[in-house]
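This report refers to the structure that appears directly beneath it.
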Amino acid sequence: MPRSKILAGAVHLGRRAVRRRCSIGSTLFIAFFCTPLFLYVLLGSFLAGDPRLVPHAIRNARNILLVTAHPDDECLFFSPSILQSWGTPNVNRHILVLSSGNHEGLGDQRRAEAKASCAELGIVDDKCVILENKNLQDNPHEWWDEKLIERIVERHVKDWHIDLIITFDEYGISGHVNHRSVSNGVRKFSADHDHNPPAYAVQTKFVLRKYASLADLVLTSFPFAGRILRAIFTAAPDGYATPVPVPGKAVLPPLGGDVYGDRALIVTSWGQYLQGRTAFKQHASQYSWDRVLYLVLSRYMWFNDLRRM
């Protein structure tokens, strides 16, 4: 075979290989960048608050309580959940922080920062409580008394007429033992009291998923795939439409109970994400370069998946 034909054949095969690599590269780009963005827009805007994804207990709660361990937890881990009801008429949001975060002697400063953060989140001052209890001190090596936590939660649930609790799961998102203690204390309260308000826990993921930002929304959406498809193609079932809120009157659950009440997927809108970032900026003592990266890379700034305790 003439050398020119061999050379032409080699060039042709090379061009095909380049085109194939470009095709594979385009596919990977779509998979890793476009798919998460599509899901973010879909779930954070078009399907935000759909009863298949945000169950009755969360959508229709009138007095919501977020229980955390330290100042800044409300921004770093829970801002999608606490902002889900932002601007909804007749909804009162409360934050109960069980310590002032005084591990490095900055308790007074961190208390003031938490108050400023609550203000940015639209939570009034008397519904943003930061405790200073000698038995609940910020310490990554100290397991807090779960019975004490149970009593504190019980008192605030009664005082504030709480009908929804949001907190950590048993792994505490970051693994911090104070976080895990809070989870166990709330779980104990839920188990020991009849007619207690429903409690939901934000789920912990391993470190690679924790810092995968919106990319992890693809994996997180898999367990919700059936619900997402129903939300796209079908109307909400009878009894699940959001009613007109009536001051002082609880919204009854759907007849037969809320079949979607076991879990929730809450995705921020772009405005809510920016609001969460602004709230964290109030925690000046914690605003270091790695936290700036966290605000972009952490899945917990963009969305929360919760399970009912």
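Across the stretch 177-227 the C-alpha pair distances fall into 5 Å bins from zero in the proportions 4, 15, 18, 16, 14, 17, 12, 4, 0 percent. Ordered by the number of other Cβ atoms lying within 10 Å of each residue's own Cβ, fewest first, V91, V296 fall into the sequence V296, V91.
The alpha carbons of the stretch 121-247 stretch over 54, 44, 31 Å along the principal axes, in descending order. Computed from the alpha carbon positions, the gyration tensor of the stretch 67-142 leads to an equivalent ellipsoid with semi-axes of 23, 12, 10 Å, biggest first. Computed over the stretch 36-83, the P(r) curve from all C-alpha pair distances, binned at 10 Å from the origin, holds 22, 43, 31, 4 percent per bin.
Each value in this text was obtained by applying a stated rule to the coordinates, not by laboratory testing. Remember, predicted model here, so these are calculated numbers, not experimental data. Backbone-built Cβ (ideal geometry, glycine too); neighbour counts: all protein chains shown.
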